[in-house]
1. Given a cut-off of under 8 Å on Cα pairs at least six residues apart, what relative contact order in percent is computed for region 49-154?
2. Specify the longest stretch of the chain that does not include any exposed loop site, a site being one of the chymotrypsin sites (Phe, Trp or Tyr not before Pro) with a non-H, G, I, E, B DSSP assignment and at most 10 other Cβ atoms within 10 Å.
3. Along region 119-132, what does the Karplus equation 6.51 cos²θ - 1.76 cosθ + 1.60 (θ = phi - 60°) give for ³J(HN,Hα), rounded to whole Hz, x for Gly and Pro?
4. Label 7 Å along Cα→Cβ of Asn204; region 141-165 residues with amide nitrogen under 17 Å?
5. Between rounded, prolate and oblate, where does region 159-225 land on the alpha carbon gyration tensor, with a ≥ b ≥ c its root eigenvalues, rounded for a/c under 1.5, else prolate if a/b exceeds b/c?
6. Output wanted: per-residue J couplings in Hz (rounded whole) for region 79-89, from phi through Karplus 6.51 cos²θ - 1.76 cosθ + 1.60, θ = phi - 60°, x for Gly and Pro.
7. Based on the Cβ-Cβ distance of Thr133 and Leu36, what FRET efficiency does E = 1/(1 + (r/R0)^6) give at R0 = 41 Å, to the nearest 0.05?
8. Using amide H atoms built 1.01 Å from N in the peptide plane, name the residues 5+ places from His2, or on other chains, whose amide H lies under 5 Å from its own.
Amino acid sequence: MHGAILSRSGWHSVGLRTGSIFFWVNKSYSRGQLALASADPRVEPAVDFRMLDDPRDLERLKGALRMGAAVLQDTLMDGFRDVVFPASYTPRVAKIAVPGRWNALQRGALSALLDAAGPLRRALVHGVVTLGTTIDGLLADDDRLTDFVRANVGCTWHPSGTCRMGRADDPAAVTDPAGRVHGVSGLRVADASIMPSIPCANTNMPTIMIAERIAAFVAETEQGT
């Protein structure tokens, strides 16, 4: 698991007034599926991430949300935060996150209301921002918390393991440990797609290591010939 804290949540005036704490699963146990949608190489493949297909991923994200809420609601945070509320990158949020004059004008009006609301700020946040969903309501009802996490889970844009390495007799394996594609002469894969499982940290350094190691295999092969 990984958590991060942001002192602002967007480019607009509301985002500049809003901090975020968010979490993600580095070592995911859920496995997605990648399939060819057409014999035409110009057609995008069919991708199904199947996020939270494994209950261990769901429970870890629920636990992270509980922990984040506990930290923010602790009395030690009094004076450093105001309203604690659940948020996610929904299509509605994505729409208002696009830089532009109209969004800037709308967010400017909302931020002015939030600044002036005083004791009514909490009601304004829950009525306009979260549309009635409260952090206390989620924490008090495990089913609601589960539904919230399932509905709002997202991807961090580092898919991997789509043609993993393995033995030649493994029907799920695409390459051997040297990156050579089974059954195809002269073709290797040297990126994150050959990872048998997702590493428990960022994929950047492991991908560089894979590429360097397979490059060494290629060099050794060339020298041998």
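1. 39 percent
2. Longest stretch, sites excluded: 1-79.
3. Going residue by residue, I get x, 8, 4, 4, 5, 5, 4, 6, x, 9, 8, 8, 6, x Hz, with x marking Gly and Pro.
4. 156-160
5. Oblate is the answer for region 159-225, as a/c is 1.5 or above yet b/c matches or exceeds a/b.
6. Along region 79-89, the couplings run x, 10, 9, 10, 7, 9, 8, x, 9, 7, 8 Hz.
7. Efficiency for this residue pair is about 0.55.
8. So His2 has HN proximity to Trp24, Asn26.
FYI, it's all coordinate maths here, none of it is from the lab. Just so you know, these numbers come straight off a predicted model, no measurement behind them. Every residue, glycine as well, gets a Cβ built from its backbone with ideal geometry; the counts of neighbours run over all protein chains shown.
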